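Worksheet for the structure shown next.
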């Protein structure tokens, strides 16, 4: 067990920290989504884009300075990659909400958002770790 921990320590610490950062971003996302849908009567398809975007900003700063600080990438490069990668999470959220609320006709947008957000957690972690904050991937010299 000790060897397993030593071999995967960095990854597991990053995953744990991402759970905290992702939870913080998700809390912001869900709070804004709920306020827009239930208080401002904004359509959930629009609300998810707005709330997810704000949650992504919170998540970016936690990822950039706490989870993956060892990268040599410039801040703007990380930000661009982070938002590009976040599109996978947004797509997972949007499709999840549509499936749950429209296809399965579940009448609880709040709980549907929780489920869709949980589904996007692992999609985002993989994209952030292996693309957004990976300085081994270069698109230009």
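The values are calculated or read from the model by the stated rules, or taken from the named source; none is laboratory data. None of these values were measured; they are calculated from a predicted model. Heads up, the Cβs are rebuilt from the backbone with ideal geometry, glycines too, and the neighbour counts pull from every protein chain shown.
Numbers at a glance
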| read-out | value |
| --- | --- |
| Residue in segment 112-126 that is surrounded by 12 or more Cβ atoms within 10 Å (Cβ to Cβ), under 25 Å from residue 32 (Cα atoms) and more than 15 Å from the chain's Cα centre (by Cα) present | yes |
| From the options 66, 5, residue that is part of a helix (DSSP H, G or I), over 10 Å from the mean Cα position of the chain (by Cα) and exposed (fewer than 12 other Cβ atoms within 10 Å of the Cβ) | 5 |
| Of all residues making up segment 98-107, the number that are closer than 26 Å to residue 84 by Cα and either free of Cβ contacts under 8 Å to residues at least 12 places away in the same chain or assigned to a loop (DSSP other than H, G, I, E, B) (or both) | 1 |
| Lone qualifier among 42, 95, 58 - being assigned to a loop (DSSP other than H, G, I, E, B), on the phi < 0 side of the Ramachandran plot and either free of Cβ contacts under 8 Å to residues at least 60 places away in the same chain or out of contact with any strand residue (DSSP E or B) (no Cβ under 7 Å at 6 or more places or on another chain) (or both) | 42 |
| Selected residue (criterion: farthest from residue 30 (Cα to Cα)) from residues of segment 108-139 that are in contact with a helix residue (DSSP H, G or I) (Cβ under 7 Å, 6 or more places away or on another chain) and not in a helix (DSSP H, G or I) | 137 |
| Subset of segment 69-90 that is in contact (Cβ under 8 Å) with a residue 40 or more places away in the chain and under 14 Å from residue 135 (Cβ atoms) - its residue that is surrounded by the most Cβ atoms within 10 Å (Cβ to Cβ) | 82 |
| When residues of segment 98-108 are limited to those that are modelled with pLDDT of 90 or more and surrounded by 13 or more Cβ atoms within 10 Å (Cβ to Cβ), the one farthest from residue 39 (Cα to Cα) | 99 |
| Any hit, segment 74-90, residues being farther than 20 Å from residue 15 by Cα, out of contact with any helix residue (DSSP H, G or I) (no Cβ under 9 Å at 6 or more places or on another chain) and not in a helix (DSSP H, G or I) | yes |
| Residue satisfying condition, being at pLDDT 90 or above, buried (at least 16 other Cβ atoms within 10 Å of the Cβ) and within 13 Å of the chain's Cα centre (by Cα), within set 42, 37, 58 | 58 |
